[in-house]
Amino acid sequence: MMTLYRLPALYMRGGTSKGLFFNEADLPDDPALRHALLIRAVGSPDPYGAQMDGMGTGISSTSKVVILRRSTQPDCDVDYWFGHVDIQRGTLDESGNCGNLSAAVGPAALLMGLLPAQGEQIDIRIWQQNLGQRIIATVPLQQGWPACEGDFKLDGLAFPGAAIQLAYLDPAGQSAGLFPTGQPLDILHLPDGNTLEATLLDCSNPLILVRAVDLGLNGTELPVEINADAGLLARLETIRASGAVAMGLARTVAEASQLRPATPKLALLSTAQDYASTTGEPVQHEEQHLTARILSMGKLHHAFTGTGSLALAVATLIPGTLAHALSRPVDGGLVRFGHPSGYNEVDATVESVAGQWQVRQVNMTRTARCLMQGVVWVPLEEH
């Protein structure tokens, strides 16, 4: 029997991602039913990869769902849960966070009435449930609403907006630390017998860093090139899954691909290079510290993931990592790198304490706004 659910929701853009935002009070308590509704709401599973019968658009940066509630933490305002839906398989990966949608959490919480909007800006203390981490979002306000108008331009977005400052506090991995293997450089042993140098780190989300040249790439490839090469994508997924095993996040390569398609992410690095962005605009080597690409849910990202940006900046500041070796010298903690849509900047504070690297805080700027508010109709087969 089919049941048609009507779920109040916000459709939010945060950074270069979009997703459905729900108030936990509007969702069923049963976890299995809740997950089934979230997956179906975006239009998955879809063997055609288009999510035509849902709110997703067939790309990983929009196949996302968020649940908010008033925080249960004494020093936070909002609890934020994130889920990444596999477009074709319809699985829901809740192993990580979305750095871009983190920018939309504050505005969404205000629109949901989870906290009052007063003054010209508000600092919202966010508890990231998936990772057990704290984020401070500074959200500008206009006449009691989250501000949309502004002049901050984020590469990968066509329109400027009001700048939202995000501060990630102590974002290194809670269980195994910043480097789960205990070192900034590792050798990955791949299923085909080959080996590959990689940096494996856990900062906001787990991330694997490899040299583009080691894969026969120059590092300036655009999504249309990489995503058209099924053989290369399969090889990159094997590398990503092998890194997950090395980090202790999965027991086998197959398990990593099946159960953790969203994390860890895989980034391809090269020295700072000149190239044309996806819009044809020049990206110049002297304007960046290094050039990077990142894969998300099996495809090359059209820009760069938010949490990947945080982790890459941190790695760039630490000697011994691939990012540090490939980067031009960084003055202070502000790292600027090139990606398919242009540039990205992240400011990180790291220090070595008793021989262990610690990440105090990582800051980045994004924009966010509500695209639509209403009800999502979700048909679901009852079993």
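Determine which member of the set 172, 176 is within 20 Å of residue 294 (Cβ to Cβ), modelled with pLDDT under 95, of a type in the set (A, V, I, L, M, F, W, C) and within 23 Å of the chain's Cα centre (by Cα). Steps first, please.
Values: 176 fails: within 20 Å of residue 294 (Cβ to Cβ).
None of the others qualify; the one that does is 172.
So for region 190-197 (the condition being over 24 Å from residue 131 (Cα atoms), of a type in the set (S, T, N, Q) and in contact with a Leu (Cβ under 7 Å, 6 or more places away or on another chain)), does at least one residue qualify?
Yes - at least one qualifying residue is present in region 190-197.
Out of all the residues in region 267-316, which are under 15 Å from residue 206 (Cα atoms) and among the aromatic types (Phe, Trp, Tyr)?
Hit for region 267-316 is 304, nothing else.
Among what's in region 224-246 and is touching a residue at least 12 places away in the same chain (Cβ under 8 Å) and in contact with a Ser or Thr (Cβ under 7 Å, 6 or more places away or on another chain), pick the residue that is surrounded by the most Cβ atoms within 10 Å (Cβ to Cβ).
241
Answer yes or no as to whether residue 180 is crowded, with 19+ Cβ neighbours inside 10 Å, part of a loop (DSSP other than H, G, I, E, B) and either in contact with a helix residue (DSSP H, G or I) (Cβ under 7 Å, 6 or more places away or on another chain) or not small (Gly, Ala, Ser) (or both).
Yes, satisfied.
Need the failing condition index for residue 143 against (1) over 26 Å from residue 65 (Cα atoms); (2) modelled with pLDDT of 95 or more, just the number.
It is condition (2) that residue 143 fails.
Looking at this structure, is residue 192 more than 19 Å from the chain's Cα centre (by Cα) and within 16 Å of residue 301 (Cβ to Cβ)?
The answer is no for residue 192.
Out of region 190-214, which residues are of a type in the set (S, T, N, Q), in contact (Cβ under 8 Å) with a residue 24 or more places away in the chain and not in a loop (DSSP other than H, G, I, E, B)? It would help to see each step written out before you state the result.
At the first step, the residues of region 190-214 found to be of a type in the set (S, T, N, Q) are 194-195, 199, 204-205.
Okay, now just the ones that are also in contact (Cβ under 8 Å) with a residue 24 or more places away in the chain, so 199, 204-205.
Selection gives 199, 205.
Quick test of your reading of the structure: residue 110 fulfils all but one of (1) in the same structural domain as residue 76 (by the TED database); (2) crowded, with 17+ Cβ neighbours inside 10 Å; (3) within 20 Å of the chain's Cα centre (by Cα); (4) among the hydrophobic types (A, V, I, L, M, F, W, C). Name the failing condition by number.
Unmet condition: (3).
Here's the yes/no breakdown for (1) surrounded by fewer than 21 Cβ atoms within 10 Å (Cβ to Cβ); (2) closer than 26 Å to residue 203 by Cα; (3) in contact (Cβ under 8 Å) with a residue 40 or more places away in the chain:
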site: 89; (1), (2), (3): yes, no, yes
site: 100; (1), (2), (3): no, yes, yes
site: 104; (1), (2), (3): no, yes, yes
site: 121; (1), (2), (3): yes, no, no
site: 150; (1), (2), (3): yes, no, yes
site: 157; (1), (2), (3): yes, yes, yes
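Could you please let me know if residue 187 is at pLDDT 95 or above, over 20 Å from the mean Cα position of the chain (by Cα) and not in a loop (DSSP other than H, G, I, E, B)?
Against the criterion (at pLDDT 95 or above, over 20 Å from the mean Cα position of the chain (by Cα) and not in a loop (DSSP other than H, G, I, E, B)), residue 187 qualifies.
Output the residues belonging to region 360-383 that are under 18 Å from the mean Cα position of the chain (by Cα) and in a strand (DSSP E or B).
Here is the first cut: in region 360-383, the residues under 18 Å from the mean Cα position of the chain (by Cα) are 361-369.
Within region 360-383, 361, 362, 363, 364, 365, 366, 368, 369 meet the criteria.
Please verify whether residue 217 is in a loop (DSSP other than H, G, I, E, B), assigned by the TED database to the domain that holds residue 293 and surrounded by 15 or more Cβ atoms within 10 Å (Cβ to Cβ), treating the condition exactly as stated.
yes
Identify, please: which residue in region 292-338 is farther than 28 Å from residue 257 by Cα and of a type in the set (A, V, I, L, M) and is, among those, surrounded by the fewest Cβ atoms within 10 Å (Cβ to Cβ)?
Checking each candidate, the answer is 334.
Taking the options 43, 119, 83, name whichever one is more than 17 Å from residue 166 (Cα to Cα), modelled with pLDDT of 95 or more and part of a loop (DSSP other than H, G, I, E, B).
Numbers: 119 fails: modelled with pLDDT of 95 or more; 83 fails: part of a loop (DSSP other than H, G, I, E, B).
Criteria check complete, one pass: 43.
The values are calculated or read from the model by the stated rules, or taken from the named source; none is laboratory data. Everything quoted here is computed from the prediction, not taken from an experiment. Neighbour counts are summed over all protein chains in view; Cβ atoms, including those assigned to glycine, are modelled from backbone coordinates with ideal geometry.
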